[in-house]
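The values are calculated or read from the model by the stated rules, or taken from the named source; none is laboratory data. This structure is a prediction, so every number in the text was calculated from the model and none was measured. All Cβ positions, even for glycine, are placed from backbone atoms using ideal geometry, and neighbour counts span all protein chains on display.
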Amino acid sequence: MKWYRSLYWKIFLAIWLSSVLVILATVVIVGSMSHHERDAEVQETRARALAERMLERYEEGHELERLRRKLSRGGPGMRIVELSSNERVFDSLPKRGPGAKPVLNFELVSESGRSYRVQVGAWPQREQFGRFLGLLVSVQIVLILLVSALTSLVLTWLVVRPLKRLRLHTRALAQGDLAVRSDQKLSTRGDEIGELAREFDTMADYVERTLGASQRLMQDVSHELRAPLARLQAAAGLLEQRLGETDPLLQRLNRECGRIDRLITEILSLSRLEALEPGTDAFSVQQLVTELREDIHFQQPERRLSFDVPRSCRVRGNRQLLERALSNVFNNALKHTPAGTAIELNHAVVGGLHELRIRDHGPGVPSDSLEQLFDPFFRQRSGVDAEADGYGLGLSIARRALRILGGSIEARNHPGGGLELLIRLPQA
């Protein structure tokens, strides 16, 4: 999962973004209102101080031309008129047009007691962006963002961590661990996450009971079928003595009895896997693969085999489980590929796990059926030998055996053709 899809970062960024938007709204609305009032007071104070200075210079007989040029270049502009004579003492204020800025008007009395009317143009205001940038780098804003970050971290810790634990429990249930339940910290919570954990436990109980009942049913039915099957085989033997081995109906009867016997054997093998202990003894995978290679060579001498497993490949667990898994994988390849094609087995260590890659050179499997290969009773017709398709239990047995060992199996079509099965096992 990519980092920006994580719930942690979504909550974290959402709280940060909302905090920044609130701060921006506060700065723009409240800050502009207070700044407008304060700016008017500051401008009037500055205008009065400037006018008093200029009148002082005027009454002392100093030249005001230099100040006039300075105000004309970048100042606010000013007009001073003596009230007693209505004479303009100083004028650098441009003519007011339709879009002229507002002008401050006030009366001023000099130290000599003479009265003047003063008009001052407004000073250029500070840009809004500059005020906003100054507020953003202030200590208050930094503190607010730090508090928002801490709040988002606490919130994500309270929500995301329990959800991750529930996800791990759900994955374990999906991988066949029917005894998994949510931990006590989750199930005893009184909020929505606690309710979700309790619902998960209820679902896990139902799944365990349902699958357990179905496994017991298959096992019981298989055992019950053994007795009538044995009677059928005994009757077929008696008929063979009367009719002879070449009778077509008798051959058909023997063939169907053999199919039923193989089906019962596979169902019992599937149901008995759960009763096997995982085991703790370490064993050599190379030795096991060598024995299976000899069995394959005995069944199909013309089959080309290329097995490359080092002596260092060792696994801890029940050796019988891995033997069943690999045997079913090889039998699946033998059934669904032509007799002259090769079967390859390569070994690698990836991420601290033994990885066995078993590839055949058959027609492969449609991509939408790859995951279904491990479902019980799913059969993919290969077109090589329709009668040898079996009952769809071989790869299902292999997956269950590998899960008990703590491993996994995955199917994919090899780019060069054929089906490739990836078996991952923890190192001893």
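Which ones in region 40-75 are modelled with pLDDT under 75 and surrounded by 15 or more Cβ atoms within 10 Å (Cβ to Cβ)?
Those that are modelled with pLDDT under 75 and surrounded by 15 or more Cβ atoms within 10 Å (Cβ to Cβ): Leu64, Leu67, Arg68, Leu71, Gly75.
From the list Arg255, Arg189, Arg231, Arg242, which one is over 28 Å from Ala401 (Cα atoms) and part of a loop (DSSP other than H, G, I, E, B)?
Arg189
Being of a type in the set (Ser, Thr, Tyr) and either touching a Leu at 6+ places or on another chain (Cβ under 8 Å) or outside the structural domain of Gly394 (by TED's automatic domain parsing) (or both) is the filter here, so list the residues in region 285-333 that pass it.
Ser306, Ser327
If you go through region 141-193 one residue at a time, how many are closer than 22 Å to Lys10 by Cα and of a type in the set (Asp, Glu)?
The total comes to 2.
I'm told Leu168 meets every condition in (1) in a helix (DSSP H, G or I); (2) under 30 Å from Leu402 (Cα atoms); (3) at pLDDT below 85; (4) of a type in the set (A, V, I, L, M, F, W, C) except one. Can you identify the failing condition by its number?
(3)
Give all pairs with beta carbons closer than 8 Å in which a residue from region 346-366 that is of a type in the set (Asp, Glu) meets a residue that is part of a loop (DSSP other than H, G, I, E, B); count only pairs at least 6 apart in sequence or on separate chains.
As it stands, the answer is Asp360/Thr337; Asp360/Thr341; Asp360/Gly418, since those pairs meet every condition given.
Looking only at region 296-345, filter to residues that are among the aromatic types (Phe, Trp, Tyr) and part of a helix (DSSP H, G or I); which one of those is surrounded by the fewest Cβ atoms within 10 Å (Cβ to Cβ)?
Per the criteria, the residue is Phe298.
Residues checked against (1) of a type outside the set (Ser, Thr, Tyr); (2) under 13 Å from Leu395 (Cα atoms); (3) under 32 Å from the mean Cα position of the chain (by Cα):
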| position | (1), (2), (3) |
| --- | --- |
| Asn332 | yes, yes, no |
| Ala339 | yes, no, no |
| Ile343 | yes, no, no |
| His347 | yes, no, yes |
| Val350 | yes, no, yes |
| Leu356 | yes, no, yes |
| His361 | yes, no, no |
| Asp368 | yes, no, yes |
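Scan Arg181, Arg226 and give me the residue that is part of a helix (DSSP H, G or I), among the basic types (Lys, Arg) and not assigned by TED's automatic domain parsing to the domain that holds Phe377.
Values: Arg181 fails: part of a helix (DSSP H, G or I).
The conditions single out Arg226.
What residue, of Asp247, Asp183, Asp201, is at pLDDT 80 or above and over 30 Å from Arg403 (Cα atoms)?
Sole residue among the options that is at pLDDT 80 or above and over 30 Å from Arg403 (Cα atoms): Asp247.
Checking the conditions here, which among Ala179, Ala235 is farther than 29 Å from Arg399 by Cβ, free of Cβ contacts under 8 Å to residues at least 40 places away in the same chain, among the hydrophobic types (A, V, I, L, M, F, W, C) and out of contact with any Phe, Trp or Tyr (no Cβ under 9 Å at 6 or more places or on another chain)? Before the answer, list the steps.
Working: Ala179 fails: farther than 29 Å from Arg399 by Cβ.
Unique residue meeting the criteria: Ala235.
I need the full set of residues from region 121-165 which are modelled with pLDDT under 80 and farther than 28 Å from Val20 by Cα, in order please.
Gly121, Ala122, Trp123, Pro124
Take Leu173 and decide whether it is under 24 Å from the mean Cα position of the chain (by Cα) and touching a residue at least 60 places away in the same chain (Cβ under 8 Å).
Against the criterion (under 24 Å from the mean Cα position of the chain (by Cα) and touching a residue at least 60 places away in the same chain (Cβ under 8 Å)), Leu173 does not qualify.
Could you identify the single residue in Val154, Val207, Val159, Val147 that is in a helix (DSSP H, G or I), exposed (fewer than 15 other Cβ atoms within 10 Å of the Cβ) and in contact with a helix residue (DSSP H, G or I) (Cβ under 8 Å, 6 or more places away or on another chain)?
On the way: Val154 fails: in contact with a helix residue (DSSP H, G or I) (Cβ under 8 Å, 6 or more places away or on another chain); Val159 fails: exposed (fewer than 15 other Cβ atoms within 10 Å of the Cβ); Val147 fails: in contact with a helix residue (DSSP H, G or I) (Cβ under 8 Å, 6 or more places away or on another chain).
That would be Val207, the only listed residue that is in a helix (DSSP H, G or I), exposed (fewer than 15 other Cβ atoms within 10 Å of the Cβ) and in contact with a helix residue (DSSP H, G or I) (Cβ under 8 Å, 6 or more places away or on another chain).
So that you can scan it fast, the table gives a plain yes or no per residue for (1) small (Gly, Ala, Ser); (2) out of contact with any Gly (no Cβ under 8 Å at 6 or more places or on another chain); (3) within 21 Å of His361 (Cα to Cα):
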| residue | (1), (2), (3) |
| --- | --- |
| Thr280 | no, no, no |
| Val289 | no, yes, yes |
| His297 | no, yes, yes |
| Val309 | no, yes, yes |
| Ser312 | yes, yes, no |
| Asn318 | no, no, no |
| Arg324 | no, yes, no |
